Each structure stands twice: as structure tokens, then as C-alpha cells.
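Reviewing the structure listed below.
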Amino acid sequence: MPDIPTVAEAGVHSYEAVLWYGVWGGKGMGKDIVMRWNTEIRRATKLPDMKERLVNEGVDIASGPPKLFQTAVRQDVEKWTRLVKNANIKAVP
């Protein structure tokens, strides 16, 4: 799309958008299952072949306790909600 300016070309110089991946379970999932998923996913991302694959995709592997993920999601939702409201962005029907 050569006719669409980049964010910087459009005059926006304070811009950050981060793509991340996460795993959710069903509402009311037991803490023991959440912690098991967390442990196994963290273990899997440390396996040499998985780590190589993610790094080759440009992924910075970050992991931590579920509460840290919950906080990150909440902050992103708040940030993008504010941006959409301030920019008066509307959904296209």
C-alpha cells in the first residue's frame, strides 16, 4: 500500500502498538488448572525448537504469573479504549 503513509509520515511521533499472544480459559476455570497451563506454556516456550521458532518470528518471549498477564491485558484495554474514544473512532457497519 504505497499510497498510505506510515505513522511517522502522518505526523505521529509518539506511537506504540505491541502485538502479543496469550491463552485464555473458560470463565470460572480453577486456579489449579490456570497454574498448570501457566507452568506448561512457560516450559514449552523454553524448549529449544519452540524458542527458535518464536525468535525467528520476531517474538520476544515474556512469561510470568497469570496476574501479570491479567494486568497487561487490562492496561491494553484501557489504553486502546481511551484512544478510540479520544479519536472519535466509530465502527463501520
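Can you confirm whether the stretch 13-34 contains a residue that is polar (S, T, N, Q) and outside any loop (DSSP other than H, G, I, E, B)? Talk me through it step by step, then tell me what you get.
Initially, the stretch 13-34 is screened for residues polar (S, T, N, Q), giving 14.
Restricting the remaining residues to those that are outside any loop (DSSP other than H, G, I, E, B) gives none.
No, the stretch 13-34 contains no residue that is polar (S, T, N, Q) and outside any loop (DSSP other than H, G, I, E, B).
I'm trying to understand the selection: among the residues of the stretch 54-75, which are surrounded by 10 or more Cβ atoms within 10 Å (Cβ to Cβ) and outside any helix (DSSP H, G or I)?
Answer for the stretch 54-75, where residues must be surrounded by 10 or more Cβ atoms within 10 Å (Cβ to Cβ) and outside any helix (DSSP H, G or I): VAL59, ILE61, ALA62, SER63, GLY64, PRO65.
With respect to GLU78, determine if the residue is under 17 Å from TYR21 (Cβ atoms), assigned to a helix (DSSP H, G or I) and of a type in the set (Asp, Glu).
On the way: under 17 Å from TYR21 (Cβ atoms): no; assigned to a helix (DSSP H, G or I): yes; of a type in the set (Asp, Glu): yes.
No.
Throughout, read-outs are computed from the coordinates displayed, never taken from laboratory work. Only a predicted model underlies this, so the values are computations on that prediction, with no experimental measurement involved. With ideal geometry, Cβ positions are generated from the backbone for all residues, glycine too; neighbour counts draw on all protein chains shown.
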